[in-house]
Amino acid sequence: MNDKRPRDSIEDKYFREYFEKIPTPSYIWRKQGNDLILINYNIEADEIVNNQMEKFLGIKASELYKDNPGILKDLNHCLEGKFIPPKEIDYHYQSINLSKRLMCSYIYIPPDVIFVHTDIIHREEEWKTAEQKLKESEERYRNLFENSPYIIALLDIEGKIMEVNSIIKELTGYDKTLFIGKNYLELHLYNESLVPNLKKRLKLLKKGEQIEPIEVLVEAKEGKKIWLLSHMSKISLSDEEFILVVVLDITEKKNAEIKLKESELKYREAYNRAEFYKDLFAHDINNILQNIRSANELRQILRNDINKEERLAEVNEIINTQVMRGANLVSNIRKSSLLEEFSKKIKPIQFNLLLESAITFIEKMFQERDIRIRVHPFNANLVVFGNEFILDVFENILINAVKYNQSPIIRIDIDIKKIINKEGNFVQFQFMDNGIGIKDQRKEQIFQRGEDKFNIEGGMGLGLSLVKKILESYKGIIWVENRIEGDYTQGSNFKIMIPEAIETD
């Protein structure tokens, strides 16, 4: 047999195994426009025409059965959801010039597929009574129903399960007898929030409207989670209306989609981290170079002044500090910019010495300004989740407080305390300055990318958007208020909240 025929998307591995094992010629038709096209066949169907079936793939039903209007009528009625009982027909295979008497069965798989199963009736069978033939036909239909790789269920028009095949136990772990007689809206296998939508779908079906397939996450036996795709359509049996349900297991496909989304999220986060490090490096290294340049210019001015030796020593110390800081910056960026490294480096950290270091640096950096920084008493045992970049956060906020302050005496009050709210335990930092302040309409903008406080030039500022990113990586937050409520001109109050690292026994 030629196995080069295309496989249709409906044929998952369970279906292919089932379809190829059917011992009688079987075919799959799918609606296309106003017609049906042949999309697959099994081994028995190929063998009966001497392995010539491949040439019929894609053929229209209207073309293949132009001399058999009865078959076309049955196919179209089946597609409309009408039940077509198994029937005997005389069929001529034109490709091998051979006529056979066949027993044909039609199964509709919503929304647009029909399985056709045929069985050759041998001459001795023609003598059987109508009752025998009907019984055998029912047995064939039952066999196809029970051995389908999909859950097939028959519901009354109110949603009560009248019949369901045995594969439901393989997928859910529950025997089919537990389902028969129950309304499918009351199975409690899915989230209760779905019930209003399921009721709405049932109402539409009762009106004769078609509904789209729906994906449902079901909790099977022992807590196993499976994804099912449910097709529902209204059909007629002996002038009574029923609902045919065909359910496909799409767990493997759904899990693959979830993994793909997780992968996309992972690499999107990696891209964002790369952008973060690029911005961080650009801000820091440019400011380091600017500080070295400014210090060197001051050194040139003081070089020939014999009374400025002490100041020259301080300038040299600033330059050395900046060079060391640049080397540390490169080292930290190199180590931390690995794909997963940044999150791994977040750990419990004592911030006391880092805050002292930031204050000392600011006082040396702005020696010509009268800066008075006061840290209010706090619990020195407080620990937060963070890493070495918290130093950059402290320095950036302190630099802004100095650079944008026109007062002769720059005052910065730092208040630190523990905060407990519904989100958890946090350490809150407040940096209150007497600077020029920030207008209300800019209080959110300053934390957006590219919106440094006032287009900061020089200094050690990372940019407040990057400060925000650092804090968000700790699951912390930052915002700014007026130091004096209602008057932004009296200075700013930058507030930071970082999760407290609580020791557990």
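When K475, K468 are checked against the criterion of being at positive phi, of a type outside the set (F, W, Y) and either surrounded by fewer than 20 Cβ atoms within 10 Å (Cβ to Cβ) or at pLDDT 85 or above (or both), K475 stands alone in meeting it. So if I check each of L354, L298, which one is among the aliphatic types (A, V, I, L, M), at pLDDT 70 or above, assigned to a helix (DSSP H, G or I) and under 21 Å from K475 (Cβ atoms)? So the residue among L354, L298 that is among the aliphatic types (A, V, I, L, M), at pLDDT 70 or above, assigned to a helix (DSSP H, G or I) and under 21 Å from K475 (Cβ atoms) is L354.
Helices (runs of 4 or more DSSP H) fully within region 1-66 that include at least 1 residues being at pLDDT below 90 and buried (at least 17 other Cβ atoms within 10 Å of the Cβ): 13-21, 43-48. Quick check on region 209-253: of everything there that is part of a loop (DSSP other than H, G, I, E, B) and among the hydrophobic types (A, V, I, L, M, F, W, C), which residue is surrounded by the fewest Cβ atoms within 10 Å (Cβ to Cβ)? The selected residue is A220.
The numbered conditions (1) surrounded by 14 or more Cβ atoms within 10 Å (Cβ to Cβ); (2) at pLDDT 85 or above are all true for D284 except (2). In region 391-445, which residue that is farther than 18 Å from R374 by Cα and touching a Ser or Thr at 6+ places or on another chain (Cβ under 8 Å) is surrounded by the fewest Cβ atoms within 10 Å (Cβ to Cβ)? Among them, the one singled out is I436.
One residue stands out among those in region 158-182 that are among the polar types (S, T, N, Q) and assigned to a helix (DSSP H, G or I): the one that is surrounded by the fewest Cβ atoms within 10 Å (Cβ to Cβ), which is T177. Every condition in (1) in contact with a Ser or Thr (Cβ under 9 Å, 6 or more places away or on another chain); (2) more than 18 Å from L248 (Cα to Cα) is met by E215 except one, and the failing one is (2). Just to be sure, is D392 among the acidic types (D, E) and in contact (Cβ under 8 Å) with a residue 60 or more places away in the chain? Answer is yes for this residue. Restricting attention to region 393-450, the residues that are aromatic (F, W, Y), within 32 Å of the chain's Cα centre (by Cα) and not in a strand (DSSP E or B) add up to 1.
The values are calculated or read from the model by the stated rules, or taken from the named source; none is laboratory data. The structure displayed is predicted, hence computed values, not measured ones. Counting neighbours? That spans all protein chains shown, and the Cβs are built from the backbone with ideal geometry, glycine included.
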